[in-house]
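Enquirer: First the structure, then my questions, so here it is.
The values are calculated or read from the model by the stated rules, or taken from the named source; none is laboratory data. Just so we're clear, the structure is a prediction, and the values are computed from it rather than from any experiment. Cβ placement follows ideal geometry from the backbone for every residue including glycine, while neighbour counts extend to all protein chains displayed.
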Amino acid sequence: MNFKSRNIVSIWDFTKDEVEFILDSAEEMVPIARGEETNTALSGKILATLFYEPSTRTRFSFESAMKRLGGSTVGFADPSGTSFKKGETLADTIKMVDAYSDVIVLRHPQEGSARLAAEFSSKPVINAGDGAGQHPTQTLLDLFTIRQAKGKIEGNKIVFVGDLKYGRTVHSLAYALSMFGPELNFVAPETLQMPKEVVEHVTACDTKVCSGNKLEDFINDADVVYVTRIQKERFPDEAEYQKVAHIYQIKNTLLQNVKDDLIIMHPLPRVDEIAPEVDKTPHARYFEQAFNGIPVRMALLKLVLGVS
Ligand code: NCD
């Protein structure tokens with residue numbers, strides 16, 4: 001399996017075997033991610049982080065992953081302090097950063113931006129979210145979290161709830177899960193349902209899919225509930241957002257009849273879709289999930305940089 005110099009733009013860039021290999025490699029990174037072991041495999045390497053949209057977990061965990069492996073980082077968390085303000089195109093910025101770093105992580109509001117960046121870069125480009133498109137490294141840490149909790153990805157009944165239209169994490173996760181053949185339930189208001197192309201793709205892969213708009217109808221049979229924030233920033237109209245703003249709010253009362261080993265995941269940040277009281281239940285997995293971003297991104301950085 002060869003990952004050296006590869007771009008990670010979409011989850012389709014990987015086969016199922018490659019996904020499993022990455023998850024196995026991430027497993028080995030856990031003690032280093034926790035700071036229990038030291039490792040300088042990426043010493044002398046530079047990661048560039050270009051974030052044209054807000055981020056906490058994704059940017060910090062990429063930086064932490066790079067630094068835990070002895071590498072260093074350059075980049076920005078807000079493009080307003082860069083030549084973007086003077087009108088520089090993404091293509092030109094990428095051509096520059098290409099010469100200043102060994103690997104580039106890009107988050108950008110436009111779908112397709114990471115693919116474009118990869119065309120202008122000789123260094124691997126990792127998509128950290130392109131508009132409502134995909135977020136493949138989040139998907140890998142989500143799969144890692146499911147496998148860690150359940151022992152395997154296959155055979156689980158997974159409920160996605162929230163903004164399935166604009167949420168990029170659920171798009172790439174649904175595509176990835178279709179390689180593993182679980183049952184997927186899509187719970188969203190009519191206007192925020194999973195895009196047709198995602199549903200068509202996963203059903204063509206023999207994934208059993210069921211859609212609805214009431215979480216109550218699905219939660220008691222679920223093995224995993226993957227909750228997402230309504231993506232306010234992607235709504236063309238504030239009034240449309242207000243109609244669906246607080247539609248799902250998971251509280252302990254909703255969890256009375258769920259399976260004992262149900263896990264609740266969320267890519268975070270949350271607004272009000274999971275009440276803080278749920279954090280103390282054995283179902284809550286979102287903080288472990290966020291930590292898993294570090295070992296998964298460590299494994300990816302080592303692989304694309306060709307360092308064993
Ligand atoms: C997600 C994103 O940016 O798509 N956050 C993340 O990377 N953990 C989810 C979100 O913003 O709702």
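Enquirer: How do the pairs read when you match residues in the stretch 55-70 that are assigned by TED's automatic domain parsing to the domain that holds LYS45 with residues anywhere that are basic (Lys, Arg) and assigned to a helix (DSSP H, G or I), using Cβ under 9 Å and keeping only pairs 6 or more apart or on different chains?
Expert: THR58/ARG297; SER61/ARG297; PHE62/ARG297; SER64/ARG297; ALA65/ARG297; MET66/ARG297; LEU69/LYS302
Rundown of residues vs (1) modelled with pLDDT of 95 or more; (2) among the hydroxyl-bearing types (Ser, Thr, Tyr); (3) in contact with a His (Cβ under 9 Å, 6 or more places away or on another chain), yes/no style:
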{"position": "PRO31", "(1), (2), (3)": "yes, no, no"}
{"position": "ARG34", "(1), (2), (3)": "yes, no, no"}
{"position": "LEU42", "(1), (2), (3)": "yes, no, no"}
{"position": "LEU50", "(1), (2), (3)": "yes, no, yes"}
{"position": "SER61", "(1), (2), (3)": "yes, yes, no"}
{"position": "MET66", "(1), (2), (3)": "yes, no, no"}
{"position": "VAL74", "(1), (2), (3)": "yes, no, no"}
{"position": "ALA77", "(1), (2), (3)": "yes, no, no"}
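Enquirer: While we're looking at this one, here's another question. From VAL187, VAL224, which residue is over 28 Å from GLN110 (Cα atoms), touching a strand residue (DSSP E or B) at 6+ places or on another chain (Cβ under 6 Å), of a type outside the set (Lys, Arg) and surrounded by 19 or more Cβ atoms within 10 Å (Cβ to Cβ)?
Expert: VAL224
Enquirer: Between a first residue in the stretch 1-18 that is closer than 11 Å to LEU300 by Cα and among the basic types (Lys, Arg) and a second residue that is modelled with pLDDT of 95 or more and not in a loop (DSSP other than H, G, I, E, B), which pairs have beta carbons less than 9 Å apart while being 6 or more apart in sequence or on different chains?
Expert: Pairs found: LYS4/LEU303; LYS4/VAL304; ARG6/LEU303; ARG6/VAL304.
Enquirer: Looking only at the stretch 145-171, count every residue that is within 14 Å of the ligand (Cβ to nearest atom) and out of contact with any strand residue (DSSP E or B) (no Cβ under 9 Å at 6 or more places or on another chain) and tell me the total.
Expert: Of the residues in the stretch 145-171, 4 are within 14 Å of the ligand (Cβ to nearest atom) and out of contact with any strand residue (DSSP E or B) (no Cβ under 9 Å at 6 or more places or on another chain).
Enquirer: Return the residues of the stretch 84-122 that are modelled with pLDDT of 95 or more, over 14 Å from PHE51 (Cα atoms), in a helix (DSSP H, G or I) and not hydrophobic (A, V, I, L, M, F, W, C); say none if nothing qualifies.
Expert: Residues satisfying the conditions are ASP92, LYS95, ASP98, TYR100, ARG115, GLU119.
Enquirer: Another question, if that's okay. Report yes if some residue within the stretch 73-87 is more than 16 Å from the ligand (Cβ to nearest atom), buried (at least 21 other Cβ atoms within 10 Å of the Cβ) and assigned by TED's automatic domain parsing to the domain that holds GLY44; otherwise report no.
Expert: The answer is no, given that none of the residues of the stretch 73-87 is more than 16 Å from the ligand (Cβ to nearest atom), buried (at least 21 other Cβ atoms within 10 Å of the Cβ) and assigned by TED's automatic domain parsing to the domain that holds GLY44.
Enquirer: Another question, then. Among what's in the stretch 37-48 and is of a type in the set (Val, Ile, Thr) and surrounded by fewer than 16 Cβ atoms within 10 Å (Cβ to Cβ), pick the residue that is farthest from GLY131 (Cα to Cα).
Expert: Of the residues in the stretch 37-48, the ones of a type in the set (Val, Ile, Thr) are 38, 40, 46.
If we keep only those that are surrounded by fewer than 16 Cβ atoms within 10 Å (Cβ to Cβ) too, we end up with 38, 40.
Numbers: THR38: 36, THR40: 34 Å.
Applying the filter and picking the extreme gives THR38.
Enquirer: Which of the residues that make up the stretch 116-146 are under 15 Å from HIS171 (Cβ atoms) and acidic (Asp, Glu)?
Expert: Once the filter is applied, which keeps residues that are under 15 Å from HIS171 (Cβ atoms) and acidic (Asp, Glu), the stretch 116-146 yields ASP130, ASP142.
Enquirer: Let me ask something additional. For GLU111, all conditions in the list (1) acidic (Asp, Glu); (2) within 14 Å of the ligand (Cβ to nearest atom); (3) closer than 13 Å to MET298 by Cα hold save one; what is the number of the exception?
Expert: With (1) acidic (Asp, Glu); (2) within 14 Å of the ligand (Cβ to nearest atom); (3) closer than 13 Å to MET298 by Cα applied to GLU111, the lone miss is (3).
Enquirer: Regarding PHE51, is this residue surrounded by 16 or more Cβ atoms within 10 Å (Cβ to Cβ) and either without any contact (Cβ under 8 Å) to a residue 40 or more places away in the chain or in contact with a strand residue (DSSP E or B) (Cβ under 8 Å, 6 or more places away or on another chain) (or both)?
Expert: yes
Enquirer: Next up: In the set PRO182, PRO295, which member is at pLDDT below 95 and either surrounded by 13 or more Cβ atoms within 10 Å (Cβ to Cβ) or within 16 Å of the ligand (Cβ to nearest atom) (or both)?
Expert: Working: PRO295 fails: at pLDDT below 95.
None of the other options fit; the residue is PRO182.
Enquirer: A follow-up question, please. Mind checking which residues of the stretch 8-36 are exposed (fewer than 12 other Cβ atoms within 10 Å of the Cβ) and assigned to a loop (DSSP other than H, G, I, E, B)?
Expert: Correct list: THR15, GLY35, GLU36.
Enquirer: Mind checking which residues of the stretch 252-280 are under 24 Å from the mean Cα position of the chain (by Cα) and more than 16 Å from the ligand (Cβ to nearest atom)? Walk me through it before giving the result.
Expert: Applying the first criterion (under 24 Å from the mean Cα position of the chain (by Cα)) to the stretch 252-280 yields 261-276, 278-280.
Correct list: ASP261, LEU262, ILE263, ALA275, PRO276, VAL278, ASP279, LYS280.
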